[in-house]
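Novice: One structure coming up, written as structure tokens, with questions to follow.
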Amino acid sequence: EAQVTQNPRYLITVTGKKLTVTCSQNMNHEYMSWYRQDPGLGLRQIYYSMNVEVTDKGDVPEGYKVSRKEKRNFPLILESPSPNQTSLYFCASSLLAGAPEFFGPGTRLTVL
Amino acid sequence: AQTVTQSQPEMSVQEAETVTLSCTYDTSESDYYLFWYKQPPSRQMILVIRQEAYKQQNATENRFSVNFQKAAKSFSLKISDSQLGDAAMYFCAYRRGPNFGNEKLTFGTGTRLTIIP
């Protein structure tokens, strides 16, 4: 089954404790990205990757890191989480050239 | 920068009736794509419909259709024969064409649709 998977689905942590949210897709998509969803703001892009070893900042990259060592995986790293990073996070992947993005199930992160 | 505006935070419709959700966008680009995504209570983002800007014909997917007005930069979603399972948050999204680097989706703030039995 074609899908984007994320883990964990729910995470409660404390300020400053490094965490990683994993993302994997099995559709051989070149393009992958991370979004955060906050009430009243819709979804905003954090980082994106056009292909292996090619990553760049989206609209709200502060406090986040990513890597793309393999085509299928695109982990999101929070080196020192803060309460303002409490949000719902989505990983997405797609082919390029206007194809729709397919989304993972979301990760609900709470930073205390 | 591109912006997407959904001016209806909430809408409701009687089951089996038709409802139209509005979306406008702003861009200086001529090559782009527009999407409607549905987010039910499960929070999963589900693609509803896709429109290519260079196509004049409005996209349709079963009970879902769009009214794409390129000159007016308007992209509304019409849901016919509304069903209880259509209750969700609906997001309009814009995607740049392939010659502009980051092909990110720019989302509107969403419209929450309630279906009245």
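The values are calculated or read from the model by the stated rules, or taken from the named source; none is laboratory data. Please read these numbers as outputs of a predicted model, since none were measured by experiment. Here Cβ is always computed from backbone atoms with ideal geometry, including for glycine, and neighbour counts include all displayed protein chains.
Novice: Restricting attention to the stretch B:14-53, which residues are facing another protein chain (nearest Cβ under 9 Å) and at positive phi?
Specialist: Hit for the stretch B:14-53 is B:R43, nothing else.
Novice: Let me ask something else. I'm checking my understanding of the structure. Among residues of the stretch B:9-21 that are of a type outside the set (D, E) and closer than 16 Å to B:Q39 by Cα, which one is surrounded by the fewest Cβ atoms within 10 Å (Cβ to Cβ)? Before you say what the answer is, go through the steps one by one.
Specialist: Just the residues of the stretch B:9-21 that are of a type outside the set (D, E), to begin with: B:9, B:11-14, B:16, B:18-21.
Of the ones still in play, those that are also closer than 16 Å to B:Q39 by Cα are B:9, B:11-12, B:21.
On the way: B:P9: 11, B:M11: 16, B:S12: 13, B:L21: 23.
Residue satisfying both the conditions and the ranking: B:P9.
Novice: Can you tell me which condition B:D81 does not meet? The list is (1) surrounded by 13 or more Cβ atoms within 10 Å (Cβ to Cβ); (2) at positive phi; (3) not hydrophobic (A, V, I, L, M, F, W, C), and all the others hold.
Specialist: B:D81 satisfies every listed condition except (1).
Novice: Further question: Can you tell me how many residues within the stretch B:36-58 are among the basic types (K, R) and loosely packed, with under 13 Cβ neighbours inside 10 Å? Lay out the reasoning, then the answer.
Specialist: Restricting attention to the stretch B:36-58, the residues satisfying the condition of being among the basic types (K, R) are B:38, B:43, B:50, B:55.
Then drop every residue that is not loosely packed, with under 13 Cβ neighbours inside 10 Å, which leaves B:55.
Counting residues in the stretch B:36-58 that are among the basic types (K, R) and loosely packed, with under 13 Cβ neighbours inside 10 Å gives 1.
Novice: Separate question: Looking at B:N67, B:N58, which is the one that is in a strand (DSSP E or B), more than 12 Å from chain A (Cβ to nearest Cβ) and within 13 Å of the chain's Cα centre (by Cα)? Give the steps one after another, and end with the answer.
Specialist: On the way: B:N58 fails: in a strand (DSSP E or B).
The conditions single out B:N67.
Novice: Can you find a residue that is closer than 27 Å to A:E1 by Cα, more than 8 Å from every other protein chain (Cβ to nearest Cβ), surrounded by fewer than 14 Cβ atoms within 10 Å (Cβ to Cβ) and at pLDDT 95 or above anywhere in the stretch A:52-74?
Specialist: Yes.
Novice: Got at least one residue in the stretch B:90-98 being surrounded by 15 or more Cβ atoms within 10 Å (Cβ to Cβ), over 27 Å from A:W34 (Cα atoms) and not hydrophobic (A, V, I, L, M, F, W, C)? Walk me through how you get there before you give the answer.
Specialist: Pass one, the stretch B:90-98, residues surrounded by 15 or more Cβ atoms within 10 Å (Cβ to Cβ): B:90-97.
From the residues that got through so far, the ones that are over 27 Å from A:W34 (Cα atoms) too are none.
Taking every residue of the stretch B:90-98 in turn, none turns out to be surrounded by 15 or more Cβ atoms within 10 Å (Cβ to Cβ), over 27 Å from A:W34 (Cα atoms) and not hydrophobic (A, V, I, L, M, F, W, C).
Novice: Now a separate question. Go through the stretch B:72-117 residue by residue and tally those that are more than 14 Å from chain A (Cβ to nearest Cβ), in contact (Cβ under 8 Å) with a residue 60 or more places away in the chain and either of a type in the set (A, V, I, L, M) or not in a strand (DSSP E or B) (or both).
Specialist: Total satisfying the criteria: 10.
Novice: Test A:T110 against the stated conditions and say whether it is surrounded by fewer than 22 Cβ atoms within 10 Å (Cβ to Cβ), at pLDDT 95 or above and not in a loop (DSSP other than H, G, I, E, B).
Specialist: Criteria met by A:T110.
Novice: Check A:G40 against each of (1) more than 11 Å from chain B (Cβ to nearest Cβ); (2) more than 29 Å from B:Y54 (Cβ to Cβ); (3) small (G, A, S) and name the one condition it does not meet.
Specialist: (1)
Novice: Considering every residue within the stretch B:17-37, establish whether at least one is over 16 Å from the mean Cα position of the chain (by Cα) and at pLDDT 95 or above.
Specialist: Among the residues of the stretch B:17-37, at least one is over 16 Å from the mean Cα position of the chain (by Cα) and at pLDDT 95 or above, which makes the answer yes.
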